[in-house]
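Chemist: Starting off with a structure, shown below.
Laboratory data are not the source of any read-out in this text; all were calculated from the coordinates shown. No experiment lies behind these values; they were computed from the predicted model shown. Heads up, the Cβs are rebuilt from the backbone with ideal geometry, glycines too, and the neighbour counts pull from every protein chain shown.
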Amino acid sequence: MRTLTPVLALLGIALFNVSDARACGCFTPPDPSVPIVQAGERIAFAMADGQVTAHIQIQYQGSASDFGWLLPLPSIPTLELGIDELFTQLTNQTQPKYKVQRVYEGRCSFDPASRGGGFGTPTAAGSGGSSGGDSAQDPGSPLVIQDSVGPYDYAVLKADSKDAMLKWLADNRYFVPAGTDDAVGPYIHAGAYFLALKLHKGNDVGELQPVVVHYASDLPMIPLVLTSVAANPHMGIQVWMLGAGRAIPRNYYHTVINDAKLDWINGATNYNDVIIAATGEAPDKHSFVTEYAGTAAIMRNTLNAPGRFGDEMTLAQQPTDSAFVQYLFQHQFPLTTQTFGVLSKYIPVPPGLKGVTPAQFYQSISYYLGSYRQQNPNDFVGWTENFQPAQMAADLQERVVKPTLAAGALFDQYPYLTRMYTTLSPEDMNKDPVFSYNPGLRDWPNLHNGTLTFHCGFFGDRGVANTAATLRTEAGWVIDYPNGTGVNNGTFTQPAGPSSQRIEILRESGNPDVLTDNTSSISSSLGGSGCGVIVGGRASRPAIGLAGLVCFAAFVLFRRRRAA
């Protein structure tokens, strides 16, 4: 195996002021069991036969003239457009979820399945909360390829000389952030390359979209040393890997979190804080958490469903702007910056419609350009549209349809999908993570289940917030709430102890090598065998008795895991 070369960095001002990618066309309420995490970098890799395909989401706020993106590569790449919807769907399908099964013991007036059920007949209910371009002509120039794709101008440059490369970028008005000079040093050597992107003149940041980079390499890698130039503290890094089996961080540690630290009752809203703490307990804070590992079938037909997008020729023949936009919604075009970017060139949102978002305008375009315009003509003073259905259909084919269908095909080609996550601050980005595979490792589900038992007793309860309860996490840890889960207005207080249950080394074959096993420490911090943590005061005798039985079960589970 040849020496590995860093192959991926999101560099420059593009990493300052990270904003949400406006990539969701759904208006359903969020699942309260899903912790919300905003990652600064989202990357999806596919690897086969020495070829890497990297889908990279570019997130940026600021001036278009200050947008600069620089990517080190081990070989000459080809470049295509990607789509935000890939990351929206990947996030939705693989997002960790923490659901609590509610069990009711005795006469619980708030038991939805059996109001006032008899003592000793517990019931359970799910919470629901749960391209090729022009080659360089000057033999002394670092330029290899110069071309454009979608909203971008791009160049592929030799990385033999740092000075020559940076001078070419400056001469050709590619924005290079302060601090880049030193950061690119580790990536400068014979045979290496850089990919540089900037926006076409006249395009704005609303037209940014993900890119797909294809290149030859032994393994995918994220050059975090370079990324550190523009990273934020505790920046989230989310990686999906497609392949024949489960993916691993090859030169970073792997962390299994202590799930007793999570606020299960409120949908693990403190999830990201636990990840920061848990990965920070690994040596040099270099560790990833696996959030999903299993079949890629969960993504099949989400992007490339049969019949999606309809027919380009039919779209190009739509007679009016309203009919054109309605066709898009009827054929599942996503409500993303890519779709809106095309529409806004030809049917812009009238500037007089203060507070109306592109999604609102295009979804109700017949209303706004019909009765609303008649009643509010001043909102349309100076507004013009340039309705060209054939050109609009062609632009949507390039910017939306082709990249979406190509992304969807990945999940027909590769059988296995892994999602990993970590957070790092700039000072800790001193080692580039490499990713590989270990097909022998077990699957890792993204759905996690805990149990919350309410102890109502024979004489009833004191209301859902004040009735004694016991929480048992998926790992078997037990926390008692003798005065109810509404203690301190429901504010969660983390128990003591480490945030990582295990810190491991994952190799390309074999089982994990456990570097640190915190099971005993967690058990001790929870009162001995993982039980005995009491929130909100002393437990009543019935609650203690039941908790003792649960403690015994958790202790047996703990002993069995230790023996295994």
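Chemist: Using the Karplus equation 6.51 cos²θ - 1.76 cosθ + 1.60 (θ = phi - 60°), what ³J(HN,Hα) coupling, rounded to whole Hz, does each residue of the stretch 480-491 give in order, writing x for Gly and Pro?
Modeler: 8, 10, x, 9, x, 7, x, 4, 6, 6, x, 5
Chemist: List, in order, the whole-Hz ³J(HN,Hα) value for each residue of the stretch 309-322 obtained from phi through the Karplus relation with A = 6.51, B = -1.76, C = 1.60 and θ = phi - 60°; use x for Gly and Pro.
Modeler: For the stretch 309-322, the Karplus curve yields 6, x, 10, 4, 5, 5, 4, 5, 9, 5, x, 9, 4, 5 Hz.
Chemist: While we're looking at this one, here's another question. Could I get the Rg over Rh figure for the stretch 350-420? Both from C-alpha atoms, Rh via Kirkwood, rounded to two places. Before the final figure, lay out the partial values.
Modeler: Details: Rg = 19.0 Å, Rh = 15.7 Å.
Result: Rg/Rh = 1.21.
Chemist: Simple spin-label model, 7 Å along Cα-to-Cβ: D147 to Q51 in nm?
Modeler: My value for the distance between the label points is 1.5 nm.
Chemist: Within 10 Å of each residue's Cβ, count the other Cβ atoms and sort D49, D153, D513 from fewest upward.
Modeler: Details: D49 5, D153 19, D513 10.
So the residues, fewest neighbours to most, are D49, D513, D153.
Chemist: How far apart, in nm, are the 7 Å Cα→Cβ label points at E312 and S520?
Modeler: Simple spin-label model gives 6.6 nm for this pair.
Chemist: State, to one decimal in nm², a quarter of the convex hull surface area for the C-alpha atoms of the stretch 382-429, i.e. the direction-averaged projected area. List each step's numbers first, then the result.
Modeler: Numbers: hull surface 32.4 nm².
Projected over every direction and averaged, the Cα hull of the stretch 382-429 covers 8.1 nm².
Chemist: For a paramagnetic label modelled at 7 Å from the Cα of N430 toward its Cβ, which residues of the stretch 64-78 fall within the zone defined by backbone nitrogen distances under 19 Å?
Modeler: Inside the label zone: nothing.
Chemist: Moving on to the next point. Order by neighbour count: H214, H286, fewest other Cβ atoms within 10 Å first, most last. Each step should come with its number before you reach the end.
Modeler: On the way: H214 14, H286 19.
The most exposed by this proxy come first: H214, H286.
Chemist: Another question, then. Along the Cα→Cβ direction, 7 angstrom out, place labels at Q360 and R462. What is the inter-label distance in nm?
Modeler: 4.6
Chemist: Let me ask something else. Charges only on Cβ, +1 for Lys and Arg, -1 for Asp and Glu: so what's the dipole of the stretch 312-397 about the Cα centre, in debye to the nearest 20? The partial results should precede the final answer.
Modeler: Details: 3 positive and 5 negative charges, 38 e Å.
In debye, rounded to 20, the stretch 312-397 gives about 180.
Chemist: May I pose another question? Computed FRET efficiency, Cβ-Cβ of A323 and R373, R0 25 Å: what is it to the nearest 0.05? Write down the numbers at each step before the final one.
Modeler: On the way: r = 17 Å, r/R0 = 0.67.
For R0 = 25 Å, the calculated efficiency reads 0.90.
Chemist: Calculate, for K402 and D181, the FRET efficiency according to 1/(1 + (r/R0)^6) with r their C-beta to C-beta distance and R0 41 Å; round to the nearest 0.05.
Modeler: Numbers: r = 38 Å, r/R0 = 0.92.
Plugging the Cβ-Cβ distance into 1/(1 + (r/R0)^6) gives 0.65.
Chemist: If you don't mind, another one. At a Förster radius of 51 Å, what calculated FRET efficiency corresponds to the Cβ-Cβ distance of A190 and D513, to the nearest 0.05? Mind dumping the intermediate values first?
Modeler: On the way: r = 36 Å, r/R0 = 0.70.
With a Förster radius of 51 Å, E is 0.90.
Chemist: Follow-up question, since we're still on this one. Quick one: divide the alpha-carbon radius of gyration of the stretch 312-397 by 2.2 N^0.38 Å and tell me what you get. The partial results should precede the final answer.
Modeler: Numbers: Rg = 12.5 Å, N = 86, 2.2 N^0.38 = 12.0 Å.
In units of the 2.2 N^0.38 Å rule of thumb, it is 1.04.
Chemist: Whole number please: convex hull volume per residue of the Cα set in the stretch 145-194, in Å³?
Modeler: Details: hull volume 4.1 nm³, N = 50.
Roughly 82 Å³ of hull volume per residue.
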